[in-house]
Amino acid sequence: MNILPPLRMLCRHLRAGAGWGLLLPAAGWAQTDPVSVLGDGGLWAGLALGSGTVLAANAWRWWRRRGEDTSALLQAMLDQSPQFLALITPAGRLVRSNRTAARWLQAASPKRGHRDEALWHHPLWGAAQGQQEPLRLAVAQAAGGRVSRLDLLLKDDGGTPRAMELTVCPVAALPGQPQGHILIEAQDVTARRQTEDKLKLASAVFDQTRDGVLIADPRGIILLANPAFCQITGFEATDLQGQSIQLLSPLIDDTELPRQMRHALTHCGHWQGEVHSLRRTGGFLTAWASLSARRDTQGRPGHVVVILHDITSVRQAEQKLLRRDHFDGLTDLPNRQLLVDRMSQAMSLSKRHHQPLALLFLDVNQLRHVNDNFGHTAGDGILREVAQRLRQSLREVDTVARLGGDEFAVLLPGTSTEGAGQVASKLLERLAEPCQVDGHDFSLTFSIGVTVCPDDADSPEALLRCADTAMYRAKLEGRGRWCTYSADMSHRSARQLQLEAALRLAEERGELQLYYQPQICLHTGRWVGVEALIRWFHPELGLISPAEFIPLAESSGQILSIGAWVMRTAVSQMKQWIEAGQSPGTVAVNLSAAQFRDPGLPELVQRVLSEANLPPACLELELTESVAAHTPEEARAIMDRLHALGVRLSIDDFGTGFSSLSHLKRFPIHTLKIDQSFVRDIGTDPDDRAIVQAIIQMARALRLTTIAEGVETDEQAAFLQSHGCEVVQGYRFCKPLPPDELQTWAQQHARPEHPNFTPVAQPV
């Protein structure tokens, strides 16, 4: 007879609370597994008393005690969990919670019960606005059999907001209960979220940093490379990942450097230095590299981190600045600074090996005449042609340099006086050939001075002075000649002595004249001022450049009397224009450094204006940027005195000196004049364009007028006009003219009929 079915039925009956029952013994019961006998996972409802005899004793009471024990065990197990666990009804009322949940609930509402109302109304869910409704919807979905997960912000028992991840799921109905329950499980994920945020931030920094970063494992296998590393080196990320870090070594131009890196990483754990290499996509790369090898807690080699900072543009800029400092921008020849450096080295070798060293000093005769009549563009073209011919006529070991203006120098290692004379004759013959510039044929002459080391001098500067003296002697003897320096020549050349003596009588003899170059407003086309420029017409030597006689006047002390003459003449001429009804607005007079520092300058200005009865605002005094920057506090004091007189002040050749903007903004100036060296190449040189734009913008911010000098083309005028430069002067509009010719020019060109001025070529 199979007794298991009725036994299971009895157990179910006992579990349902039927009370007492008795089972009689049967064969084989003692060997029956009680668990399998009771079946269905039910609770024990009886007690084994002997060989197969089961006595059912007060099953209801026993089941209740067993249920209470199980409930206590279950509660103890729930309390061990650090997670928030709560069992609620579909209506939201709390049925059971673990210790963590009870603590949070009590902390959120210490004086308020929570079993008599829906749990989502509890203050616990008010830590962040709008959290109750998502919880209520999640409970409703769980009542329908769906599991929901949501993120909420709760305050823990200490009142600290914590990021919580909630799982709301249904629990099957217990026997005898009409409906199931809802389990709310809340896990504190604050630390995990913070870690995730840090990882996201680190990943963003890794991806977005402009420095290249590469990470390799201890075997040197590349694991990660950020986009910047790929951009800097030219590799694709797919080309790097999984490859050996040795993949980068062949690109480094120093074959010894990778070995040094490995040695430093092995013994020191880090290496840094400048790396020159090729980009994978072509082109050169200069980078500051930093390599570090991380070690684990046991000191074993770990991951290798490579950081690259691209300094290619920085090095290129440095090379460009270095070239600007040592090479002439017009001819691309070494300048005076580089020539002196090479002379020092060559003179040391000459003394060591007892070999001669020759230096030639060349001057282009009448280049000023070309500039005055054909413009500086033609003069620059001639200088470039001269430089090219000199390079083509000399050896590789020789150095050709441009010293400035129309002066060149040639350094001839291992050349005696006789050999230098032969080179000079050859150069004069080569340079005498006509050259064509801007459609014009020019045949110029040159004067060359020859000197030899160590016979004539034993230092670069002394050797240059000797060559300069010999060149002036060649000019006196007739142009197109060369002359060798001799010991009986005075410290200063005969020409210098002759000019210095003649200059003392030049004013008295009427050899000095003022020419005037108009300053044109780009918006109206009207002339708004003129600049007075001195000219010296010597009866024998012809037109002598101010660049030649002004330094003589300054060194001999004659500059003060010449400067006073220039100011009186310019102010008198301005008064005549005003009386004739043809005033250009202002007349600008240049001040030399000696004039500016003269304590009697303000009194001279006041006296000259008073003598001519000219309004002070009609006179503008120009001083160079370097003069103002030399002693800024003294300069400001002098300018304040001049400004008090009512005259206008301007900074000439702005951008070529080293003035401080902090001083500049305190000077009582009205105008900044942009030097022609920047204007000349604004059509081709982006650096010059940037400098000109910066000067204009700075002047506008300081409420100063800008005047651009040396404007010679329509392109230059259009650029300046488009970027806000107010006034220009240069051969594009008019060359310097004597007063009567300027008056004629003004009647024809300075007052256009159309109100909107557009630069149009005018005859010069």
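Val205 - would you say it is among the β-branched types (Val, Ile, Thr) and in contact (Cβ under 8 Å) with a residue 24 or more places away in the chain? Show your work before the answer.
Numbers: among the β-branched types (Val, Ile, Thr): yes; in contact (Cβ under 8 Å) with a residue 24 or more places away in the chain: no.
For Val205, the condition - among the β-branched types (Val, Ile, Thr) and in contact (Cβ under 8 Å) with a residue 24 or more places away in the chain - is not met.
Give just the number: which of (1) more than 15 Å from Asp675 (Cβ to Cβ); (2) touching a Leu at 6+ places or on another chain (Cβ under 9 Å) does Glu715 not satisfy?
Only one criterion in (1) more than 15 Å from Asp675 (Cβ to Cβ); (2) touching a Leu at 6+ places or on another chain (Cβ under 9 Å) is unmet by Glu715, namely (2).
Does Ala617 satisfy the criteria of being buried (at least 19 other Cβ atoms within 10 Å of the Cβ) and either within 25 Å of Ala502 (Cβ to Cβ) or of a type in the set (A, V, I, L, M) (or both)? Explain how you work it out, then say what you get.
Values: buried (at least 19 other Cβ atoms within 10 Å of the Cβ): no; either within 25 Å of Ala502 (Cβ to Cβ) or of a type in the set (A, V, I, L, M) (or both): yes.
So Ala617 does not fit the description; no.
Among the residues of region 462-480, is there at least one that is modelled with pLDDT of 85 or more and more than 17 Å from Val410 (Cβ to Cβ)?
Looking for residues that are modelled with pLDDT of 85 or more and more than 17 Å from Val410 (Cβ to Cβ), one finds at least one in region 462-480, hence yes.
Can you report the number of residues in region 336-384 which are among the aliphatic types (A, V, I, L, M) and surrounded by fewer than 17 Cβ atoms within 10 Å (Cβ to Cβ)?
As a first pass, look at region 336-384 and keep what is among the aliphatic types (A, V, I, L, M): 338-340, 343, 346-347, 349, 357-360, 362, 364, 367, 370, 378, 382-383.
From what's left, surrounded by fewer than 17 Cβ atoms within 10 Å (Cβ to Cβ): 349.
Adding up the residues that qualify gives 1.
Six or more apart or on different chains, Cβ atoms under 9 Å: show the pairs whose first residue is in region 298-321 and among the charged types (D, E, K, R) and whose second is exposed (fewer than 15 other Cβ atoms within 10 Å of the Cβ) and not in a strand (DSSP E or B).
Arg300/Pro218; Asp310/Arg210; Asp310/Gln231; Lys320/Asp687
Each row is one residue, and each column tells you yes or no for (1) surrounded by 12 or more Cβ atoms within 10 Å (Cβ to Cβ); (2) modelled with pLDDT of 85 or more; (3) not assigned by TED's automatic domain parsing to the domain that holds Pro301; (4) not acidic (Asp, Glu).
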residue: Gln187; (1), (2), (3), (4): yes, yes, yes, yes
residue: Val205; (1), (2), (3), (4): no, no, yes, yes
residue: Val213; (1), (2), (3), (4): yes, yes, yes, yes
residue: Pro227; (1), (2), (3), (4): yes, yes, yes, yes
residue: Cys230; (1), (2), (3), (4): yes, yes, yes, yes
residue: Pro258; (1), (2), (3), (4): yes, no, no, yes
residue: Ser277; (1), (2), (3), (4): yes, no, no, yes
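Test Leu247 against the stated conditions and say whether it is among the hydrophobic types (A, V, I, L, M, F, W, C), surrounded by fewer than 11 Cβ atoms within 10 Å (Cβ to Cβ) and in a helix (DSSP H, G or I). Quick ask: steps written out before the conclusion?
Values: among the hydrophobic types (A, V, I, L, M, F, W, C): yes; surrounded by fewer than 11 Cβ atoms within 10 Å (Cβ to Cβ): no; in a helix (DSSP H, G or I): yes.
Considered against the rule, which asks whether it is among the hydrophobic types (A, V, I, L, M, F, W, C), surrounded by fewer than 11 Cβ atoms within 10 Å (Cβ to Cβ) and in a helix (DSSP H, G or I), Leu247 comes out as no.
Just one of the numbered conditions (1) part of a loop (DSSP other than H, G, I, E, B); (2) closer than 18 Å to Asp456 by Cβ; (3) hydroxyl-bearing (Ser, Thr, Tyr) is not true of Thr331; which one?
Among (1) part of a loop (DSSP other than H, G, I, E, B); (2) closer than 18 Å to Asp456 by Cβ; (3) hydroxyl-bearing (Ser, Thr, Tyr), Thr331 violates only (2).
Can you find even one residue in region 345-360 that is within 18 Å of Thr233 (Cβ to Cβ) and not in a helix (DSSP H, G or I)? Walk me through how you get there before you give the answer.
Here is the first cut: in region 345-360, the residues within 18 Å of Thr233 (Cβ to Cβ) are none.
Looking through region 345-360, none of the residues is within 18 Å of Thr233 (Cβ to Cβ) and not in a helix (DSSP H, G or I).
Scan region 462-471 and tell me whether some residue there is on the phi < 0 side of the Ramachandran plot and part of a strand (DSSP E or B). Give the derivation first.
Kept after step one, since they are on the phi < 0 side of the Ramachandran plot, are these residues of region 462-471: 462-471.
Imposing the further condition that a residue be part of a strand (DSSP E or B) reduces the set to none.
Among the residues of region 462-471, not one is on the phi < 0 side of the Ramachandran plot and part of a strand (DSSP E or B), which makes the answer no.
Out of region 718-764, which residues are within 23 Å of Phe678 (Cβ to Cβ), loosely packed, with under 15 Cβ neighbours inside 10 Å and modelled with pLDDT of 85 or more?
Selection gives Ala718, Ser722, Gly724.
Looking at (1) without any contact (Cβ under 8 Å) to a residue 12 or more places away in the chain; (2) farther than 30 Å from Ala237 by Cβ; (3) of a type in the set (A, V, I, L, M, F, W, C), which one does Ile184 not meet, given that it meets all the others?
(1)
Can you give me the number of residues within region 177-221 that are closer than 26 Å to Leu154 by Cα, assigned to a helix (DSSP H, G or I) and among the aliphatic types (A, V, I, L, M)?
Going through region 177-221 one residue at a time, the tally reaches 3.
Under 8 Å by Cβ, and 6 or more places apart or on different chains, what pairs join a residue from region 353-373 that is at positive phi with one that is aliphatic (A, V, I, L, M)?
Pairs that qualify, where the first residue is at positive phi and the partner is aliphatic (A, V, I, L, M), are Gln366/Leu444.
Go through region 70-89 and give me each residue that's out of contact with any Lys or Arg (no Cβ under 7 Å at 6 or more places or on another chain) and surrounded by 16 or more Cβ atoms within 10 Å (Cβ to Cβ).
Here is the first cut: in region 70-89, the ones out of contact with any Lys or Arg (no Cβ under 7 Å at 6 or more places or on another chain) are 70-78, 80-86, 88-89.
Residues satisfying the conditions are Leu78, Phe84, Leu85, Ala86, Ile88, Thr89.
Could you tell me whether any residue of region 579-595 is farther than 23 Å from Asn371 by Cα and acidic (Asp, Glu)?
Yes, region 579-595 contains a residue that is farther than 23 Å from Asn371 by Cα and acidic (Asp, Glu).
Taking Ile695 as the residue in question, decide whether it is more than 20 Å from Thr586 (Cα to Cα), crowded, with 19+ Cβ neighbours inside 10 Å and within 31 Å of the chain's Cα centre (by Cα).
Values: more than 20 Å from Thr586 (Cα to Cα): yes; crowded, with 19+ Cβ neighbours inside 10 Å: yes; within 31 Å of the chain's Cα centre (by Cα): yes.
For Ile695, the condition - more than 20 Å from Thr586 (Cα to Cα), crowded, with 19+ Cβ neighbours inside 10 Å and within 31 Å of the chain's Cα centre (by Cα) - is met.
Which of the strands (runs of 3 or more DSSP E) contained wholly in region 383-448 include at least 1 residues that are over 20 Å from Arg481 (Cβ atoms) and in contact with a Gly (Cβ under 6 Å, 6 or more places away or on another chain)? Step through it out loud before you land on a result.
Working: elements: 399-404, 407-413, 435-437, 440-442.
Fully inside region 383-448 and qualifying: 435-437.
Within region 222-235, can you find the residues that are in contact with a strand residue (DSSP E or B) (Cβ under 6 Å, 6 or more places away or on another chain) and not in a strand (DSSP E or B)? Let's see the steps before the verdict.
So the first thing to find is which residues in region 222-235 are in contact with a strand residue (DSSP E or B) (Cβ under 6 Å, 6 or more places away or on another chain), and the list is 222-226, 228-229, 232.
Answer for region 222-235, where residues must be in contact with a strand residue (DSSP E or B) (Cβ under 6 Å, 6 or more places away or on another chain) and not in a strand (DSSP E or B): Asn226, Ala228, Phe229, Ile232.
Is at least one residue of region 451-458 surrounded by fewer than 21 Cβ atoms within 10 Å (Cβ to Cβ) and within 47 Å of the chain's Cα centre (by Cα)?
Filtering region 451-458 down to residues surrounded by fewer than 21 Cβ atoms within 10 Å (Cβ to Cβ) leaves 454-455, 457-458.
Cutting the leftovers down to within 47 Å of the chain's Cα centre (by Cα) gives us 457-458.
There is at least one residue in region 451-458 that is surrounded by fewer than 21 Cβ atoms within 10 Å (Cβ to Cβ) and within 47 Å of the chain's Cα centre (by Cα).
Restricting attention to region 270-311, which residues are among the hydrophobic types (A, V, I, L, M, F, W, C) and in a loop (DSSP other than H, G, I, E, B)?
Of region 270-311, the ones among the hydrophobic types (A, V, I, L, M, F, W, C) are 271, 275, 278, 284-285, 287-289, 291, 293, 304-308, 311.
Scanning region 270-311 gives a single hit, Ile311.
Do you know which residues across region 491-507 are surrounded by fewer than 20 Cβ atoms within 10 Å (Cβ to Cβ) and modelled with pLDDT of 85 or more?
Residues satisfying the conditions are Ala502, Arg504, Leu505, Glu507.
Mind checking which residues of region 211-238 are in contact (Cβ under 8 Å) with a residue 40 or more places away in the chain and of a type outside the set (Gly, Ala, Ser)?
Asp211, Val213, Leu214, Ile215, Asp217, Pro218, Leu223, Phe229, Ile232, Thr233, Phe235
Need the failing condition index for Arg324 against (1) at pLDDT 80 or above; (2) surrounded by 12 or more Cβ atoms within 10 Å (Cβ to Cβ), just the number.
(1)
Of all the helices (runs of 4 or more DSSP H) wholly in region 603-717, which have at least 2 residues that are modelled with pLDDT of 90 or more and more than 30 Å from Trp577 (Cα to Cα)? Talk me through it step by step, then tell me what you get.
Details: elements: 625-630, 632-645, 661-664, 676-679, 686-701.
Result: 686-701.
When you scan region 528-545, do you find a residue that is surrounded by fewer than 20 Cβ atoms within 10 Å (Cβ to Cβ), among the basic types (Lys, Arg) and farther than 24 Å from Val711 by Cα, even just one?
no
What about Leu360, is it modelled with pLDDT of 90 or more and either over 22 Å from Ala420 (Cα atoms) or not acidic (Asp, Glu) (or both)? Break it down stepwise before answering.
Numbers: modelled with pLDDT of 90 or more: yes; either over 22 Å from Ala420 (Cα atoms) or not acidic (Asp, Glu) (or both): yes.
The answer is yes for Leu360.
The values are calculated or read from the model by the stated rules, or taken from the named source; none is laboratory data. No experiment lies behind these values; they were computed from the predicted model shown. Note: ideal-geometry Cβ built from the backbone for every residue, glycine included; neighbour counts use all protein chains shown.
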